[in-house]
Amino acid sequence: MRTTVGIIGAGPAGLLLARLLHNAGIDSVVLESRDRAYVERRQRAGILEQATVDVLRAAGAAERMDREGLRHDGIELRYDRRRHRVDFPALTGGKSVMVYAQTEVCKDLIALQFEEGGPLLFETEALAVEGAETEHPRVRFRHGATGAEDVLECDWVVGCDGFWGVARAAVPSAVGRTFERTYPFGWLGVLADVPPSHDELVYARHDRGFALLSMRSPSVSRLYLQVPEGTDAGSWSDEEIWSELERRFETDDDWTLRRGPITQKSVTPMRSYVHEPMRHGRLFLAGDAAHIVPPTGAKGLNLAVGDVVTFARALVHRAGTGSEELLDAYSATCLRRVWQAERFSYDMTTLLHRAPDATPFDDRLQVARLDRIAGSRAAGTDLAEAYTGFPIG
């Protein structure tokens with residue numbers, strides 16, 4: 001097989017890149033180890049920054065998002081039984097975010113790829129990236145149906161295959177450097193068939209730990225509890241989960257948490273990770289293959305979108321001018337945004353989560369930081385600008 005851009009991974013990054021390249025008249029092939037049903041049902045992020053929304057619209061992939069997505073103009077910070085709303089449009093000049101699940105983004109992009117785009121091969125496992133430093137790198141892969149191995153010859157390879165994928169492993173350790181922080185807690189996340197108890201996301205800081213009220217639709221709630229690292233989701237009963245959520249969201253007014261049937265439970269570990277550089281020869285890393293953020297800042301999916309937009313722009317620039325200037329700048333360009341997102345995600349995580357060894361001094365500092373956001377337009381603006389998204393490029 002032969003193509004211009006070989007894309008490993010059919011998550012939102014790989015699928016969006018294929019769409020952007022198709023719209024620019026550049027051919028690609030997408031290899032995905034999982035089957036279509038798995039990709040379309042795996043639960044991941046659900047908050048789209050303003051820039052991500054704009055990119056999907058410009059790519060012709062936003063019809064259902066605009067119909068079914070939930071625009072949010074703010075979030076609520078909850079602490080010491082108090083409530084403070086951060087008004088995004090008022091603080092950012094009109095920016096907002098969209099609640100629209102990653103699963104739905106993938107469904108939309110998959111449908112478009114099959115209708116209009118190039119090959120999208122499910123159940124096709126990438127085994128290795130070879131010759132990244134040559135003009136024609138190759139992706140060795142295995143067909144799931146037959147088990148036969150084959151080779152995809154490319155001009156460029158983009159690894160959108162996550163932390164455990166083969167793309168990052170193809171970067172020699174001698175030329176790469178990693179930066180990492182792990183956190184001693186995780187998120188117990190649940191999906192519940194109940195309308196959300198608030199019309200915007202609620203981030204709660206409590207002495208018992210962090211909690212987040214989110215949603216997937218007007219009838220499905222997504223809720224999270226801070227739990228110790230290594231917690232088994234099955235060790236929490238439904239009643240324990242609802243009772244703990246009620247404690248952490250408690251306020252001095254008459255707000256109440258709606259309960260409903262819990263349909264899914266899982267625990268998400270918390271970590272920060274960056275691999276530098278994000279390019280080796282003609283191999284480019286995007287999304288979780290290059291960086292991971294704790295989910296507190298809602299940045300993971302949006303960073304992946306920024307990466308592939310940056311790559312697509314650079315390749316289109318090369319096609320039009322012959323210059324590889326933007327391709328050469330890919331890693332540095334992406335990393336500026338990545339590190340700002342890492343900083344914001346770390347700030348949000350340490351602002352709202354209670355560490356196992358937290359002291360009363362630490363507790364008071366958290367409350368003081370929250371009071372600063374609630375009482376200062378400058379501090380509120382800093383949060384709102386970061387939450388709605390950093391510029392791409």
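Read-outs throughout are calculated quantities, based only on the coordinates presented, and are distinct from any laboratory measurement. From a predicted model like this one, the values you see are computed outputs, not experimental measurements. Please note: Cβ atoms are built from the backbone with ideal geometry, for glycine as well, and neighbour counts cover all protein chains shown.
Here are some notes:
- Using only alpha carbons, the chain has a radius of gyration to Kirkwood radius ratio (Rg to Rh) of 0.98.
- Gain on full stretching of the segment that runs from Glu123 to Asp87 - 0.36 nm per residue minus C-alpha separation: 8.6 nm
- Each label was represented as a point 7 Å from its Cα along the Cα-to-Cβ direction; for Glu229 and Thr268 these points are 1.8 nm apart.
- Sequence ranges 316-325, 332-341, ranked by mean other-Cβ count within 10 angstrom, highest first: 332-341, 316-325
- Taking other residues whose beta carbon is less than 13 angstrom from the beta carbon of His291, and scoring Lys, Arg as +1 and Asp, Glu as -1, yields +3.
- Solvent-free Debye scattering, log10 I(q)/I(0), computed from the Cα coordinates of the stretch 106-165 at q = 0.26, 0.28 Å⁻¹: -1.17, -1.18
- Computing FRET efficiency as 1/(1 + (r/R0)^6) for Asp193 and Glu63, where r is the C-beta to C-beta distance and R0 is 30 Å, gives about 0.70.
- Extension reserve of the Phe179-Thr134 stretch, reckoned as 0.36 nm per residue once the Cα distance is removed: 13.4 nm
- Cβ-derived FRET efficiency at R0 35 Å, Asp371 paired with Asp238, nearest 0.05: 0.50
- Note on the chain: GNM, Cα springs under 10 Å; of Ser331, Ser217, Ser237, the largest mean-square fluctuation is that of Ser237.
- Rg and Dmax of the stretch 244-393, based on Cα coordinates, read 19.8, 63 Å.
- Candidate lysines - alpha carbon under 25 Å from Lys107, same-chain residues fewer than 8 apart omitted: Lys265, Lys299
- Note on Asp347 and Asp382: the model spin-label points, each 7 Å out from Cα along the C-beta direction, lie 0.5 nm apart.
- Most mobile of Leu91, Leu225, Leu16 in a GNM of the chain (Cα contacts under 10 Å): Leu91
- Spin-label pair Asp253-Ser323: with each label point 7 Å from Cα along the Cα-Cβ axis, the two points sit 5.4 nm from one another.
- Residue order for Val175, Val139, fewest other beta carbons within 10 angstrom first, comes to Val175, Val139.
- Only helical runs count toward this figure. For the chain, summing -39,500 (n - 2.57) over DSSP H runs of n ≥ 4 and dividing by all residues gives -11000 deg cm²/dmol at 222 nm.
- Placing +1 on the Cβ of every Lys and Arg and -1 on the Cβ of every Asp and Glu, with no other charges, gives the chain a dipole of roughly 460 debye about its Cα centre.
- Other residues lying with their Cβ under 15 Å from the Cβ of Gln366 contribute a combined charge of +3, Lys and Arg counting +1, Asp and Glu -1.
- Using the Cβ-Cβ distance between Ala37 and Phe361 with R0 set to 45 Å, the FRET efficiency works out to roughly 0.35.
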